[in-house]
Amino acid sequence: MVEPSADHRLPPGQGGRAVLVRPTLLEDAAAVAGLLNKLAEKAHADHPVTTARVETYLRHCESHTDMYVNYVAETAASADEDGIARGDGTGGGDGILGGSRHGADAAAIRLTVIGFLSAVFYETPFHDKGTCLINELIVDADRRGAGVGRALVETAKAEARRRGMDEIEVGTEKTNLAAQRFYQRVGFDEEFVLLSQDFHKQEEP
Ligand SMILES: CC(C)(COP(=O)(O)OP(=O)(O)OC[C@H]1O[C@@H](n2cnc3c(N)ncnc32)[C@H](O)[C@@H]1OP(=O)(O)O)[C@@H](O)C(=O)NCCC(=O)NCCS
């Protein structure tokens, strides 16, 4: 499985909870499926994303780490546990989670997944250093507006830069103006338009 690399930590946002961004693990599959289903509801998708599907996807990514990254954002599951996160002495006392997901301190804290980002890296003849394409991004509806989406995007950007990529891009539904405003706030512009063709919809009688 993908091992946690550099963790992106956020100071407490709304509600005073610290947030940790780290690579997605197989054990996150159920939580990620739950988040994606909320996104699917918004996009009016006709079939749910199962935990098994997310596990299959994560295993596929694991075999192609040159092409895929997946990150989750997580935070303490309750206010009491958040107190543990802040009081463990490793986070500098500023509300930042101390230790990685696998660290001894973090192991004592019950964490809950509140955000997910998946991205793929690819080359084109023009972009020989490579492009990072964000495929999915979702933050739990109760945790929006606290910098979690930005932290996930910044983590993907940092990884793309670390890999020497030229650029980062994302497609959103034309009607998803909120996401477009979000992406503009975090530095994207509308230089390109993404057109698509859904084979399954075309095949429907
Ligand atoms: C889009 C989404 C990921 C943003 O996550 P978030 O955690 O709420 O975003 P952040 O709190 O990190 O916001 C970062 C910046 O974007 C701005 N922003 C976020 N949502 C916004 C909105 N709907 N309209 C305008 N600005 C917005 C924030 O104000 C913030 O600006 P600032 O840092 O300059 O103050 C989240 O709303 C979401 O999950 N939406 C549903 C799923 C979706 O549409 N995903 C994108 C499909 S690819």
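How many nm separate the modelled label positions at S196 and N176, each set 7 Å beyond the Cα in the direction of the Cβ?
Distance between the two pseudo-spin positions: 0.8 nm.
Are there trypsin sites (Lys or Arg not before Pro) in the stretch 112-205 that DSSP marks as loop and that have at most 14 other Cβ atoms within 10 Å, and which are they?
Details: sites: K129, R143, R144, R150, K157, R161, R162, R163, K174, R181, R185, K201; in loops: K129, R144, R163, K174.
Hits after loop and neighbour filter: K129, R163, K174.
Long-range amide H contacts for I168: which residues qualify at under 5 Å (H placed 1.01 Å from N, peptide plane, sequence gap of 5 or more or a different chain)?
Answer set, sorted by chain and number: C132.
Expected output is a single nm value to one decimal: the length gained when fully extending between R163 and K129, i.e. 0.36 nm times separation in residues minus the C-alpha distance. What is it?
Extending this stretch completely gives an extra 11.4 nm.
Just so you know, all these numbers are worked out from the coordinates, no wet-lab data involved. Since this is a predicted model, take the numbers as computed values, not measurements. Methodologically, a virtual Cβ is constructed for each residue, glycine included, from the backbone with ideal geometry; neighbour enumeration extends over all protein chains shown.
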